[in-house]
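Here's the structure, in structure tokens; my notes come after.
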2 protein chains.
Amino acid sequence: MPRSGAEARARLREAALDLYGECGYDATTTAEIAARAGVTERTYFRHFPDKREVLFDGEAELREVMTGAIASAPGSPAPLALVLQAYVAAVPLFVAGRPVAERRAKIIATSPALQERAHAKRDAVTDALIGALQDRGIAEPTARLAARVGAAVFERAGREWDGASGSDLTALIGQAADELRELA
Amino acid sequence: MPRSGAEARARLREAALDLYGECGYDATTTAEIAARAGVTERTYFRHFPDKREVLFDGEAELREVMTGAIASAPGSPAPLALVLQAYVAAVPLFVAGRPVAERRAKIIATSPALQERAHAKRDAVTDALIGALQDRGIAEPTARLAARVGAAVFERAGREWDGASGSDLTALIGQAADELRELA
């Protein structure tokens, strides 16, 4: 039996990825995930409210790191620069999450319910960034435009990334921002 | 009984909006929609494959108009300019669709299944624009960035729009593009 809550949580995440990958998302139960992780189903529900959420662990931390970067940025950077700084601040999380990201993406692609949740999670990150920009006095419409465009720039960078080096990802974000300036 | 197929289709759309609004999306059946529209359920399924699709009629036309605008644009506009021209070309469709858009948005907000479909439809428009840009020789990553940023610019414009005048929406798209240039 895993001793700490964090260890149980990590084992549940891993067990869910394994079982969703092997048996399919729909065919897997939370009881099976708990059993594979060596914990009770009750422990599962202490960590995750449902079958989907186990795949999206770490999103709250991502939001915190990104909004924290916007809140603490010195000077008065332009709105888009703030958003890109937030993505750069989150690079260590993207590096750490990379081994899971591809397995997770494959599972999400199999289920409309998971796709909807993934969309909602992405929107929640965008909304958090918009809120953090507004806290710096940036008007909502401009904040929203900057957050959406920043997400597009980050997506452009992430698709080029080989997944290994954080400094590469940071450089790719800068290149994508340069490309945007040529487009706009 | 409606005589033409187009008339039946329009009545089915209207009936679905009415019933989804009055009784909720989950509680409404295709049989009820068909009855309200004065057609058979078989006629319903000749026009729409399921309960969701009746809410998204017109999306194929939107894609056609937008990709057509990209394909036929004279000269060699920059990728983002092409995307914005596509949105401008679709302004008459947005004006025509506006009376339905707000009722539809309220219904979509009540159902994760509908939200997922709405997300997928938006992605399908983006993918169509990317394809049209690629047909003009623009590389996929640049095309994707331009399509995503163009969508963000259009969203910025659409949120300011009062829904009445097409020329207002066209002007707002131009203003949002100017704002992007200041951001980037």
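The values are calculated or read from the model by the stated rules, or taken from the named source; none is laboratory data. Predicted model only: the values in this text are computed from it and were never measured. Here Cβ is always computed from backbone atoms with ideal geometry, including for glycine, and neighbour counts include all displayed protein chains. All accessible areas refer to the heavy atoms of the entire protein, side chains included, with ligands and DNA or RNA removed. Shrake-Rupley method; radii C 1.70, N 1.55, O 1.52, S 1.80 Å.
When you look at residue B:21, is it assigned to a helix (DSSP H, G or I) and within 18 Å of the chain's Cα centre (by Cα), yes or no?
No; evaluated as a whole, the condition is false for this residue.
List pairs: first residue in segment A:64-82 and more than 14 Å from every other protein chain (Cβ to nearest Cβ) and within 18 Å of residue A:145 (Cβ to Cβ), second residue modelled with pLDDT of 95 or more and part of a loop (DSSP other than H, G, I, E, B) anywhere in the structure, Cβ distance under 7 angstrom, at least six positions apart or on different chains.
A:66/A:90; A:70/A:136
Could you tell me whether residue A:178 is more than 9 Å from chain B (Cβ to nearest Cβ), out of contact with any helix residue (DSSP H, G or I) (no Cβ under 9 Å at 6 or more places or on another chain) and open to solvent by 70 Å² or more (accessible area, probe 1.4 Å)?
yes
Identify the single condition in (1) within 19 Å of residue B:118 (Cα to Cα); (2) open to solvent by 30 Å² or more (accessible area, probe 1.4 Å) that residue B:66 does not satisfy, given that it satisfies every other one.
(2)
Looking at (1) more than 13 Å from chain B (Cβ to nearest Cβ); (2) among the polar types (S, T, N, Q); (3) open to solvent by less than 20 Å² (accessible area, probe 1.4 Å), can you tell me which one residue A:165 breaks?
The failed condition is (3).
Return the residues of segment B:109-139 that are at the interface with another protein chain (Cβ under 9 Å from one of its Cβ atoms) and more than 19 Å from residue B:60 (Cβ to Cβ); say none if nothing qualifies.
B:112, B:113, B:115
Report yes if some residue within segment A:47-58 is assigned to a helix (DSSP H, G or I), of a type in the set (A, V, I, L, M) and away from chain B (no Cβ under 14 Å); otherwise report no.
yes
Between B:78, B:96, which is over 18 Å from the mean Cα position of the chain (by Cα) and not charged (D, E, K, R)?
B:78
Any residue in segment B:169-184 that's farther than 22 Å from residue B:92 by Cα: show its pairings with residues that are outside any helix (DSSP H, G or I) at Cβ separation under 9 Å, as long as the two are six or more apart or on different chains.
Filtered contacts from segment B:169-184: B:180/A:184; B:181/A:184; B:182/A:78; B:183/A:78; B:183/A:184; B:184/A:78; B:184/A:184.
Return a yes/no flag: does segment A:143-159 have any residue that is farther than 24 Å from residue B:143 by Cβ, surrounded by 16 or more Cβ atoms within 10 Å (Cβ to Cβ) and facing chain B (nearest Cβ under 10 Å).
no
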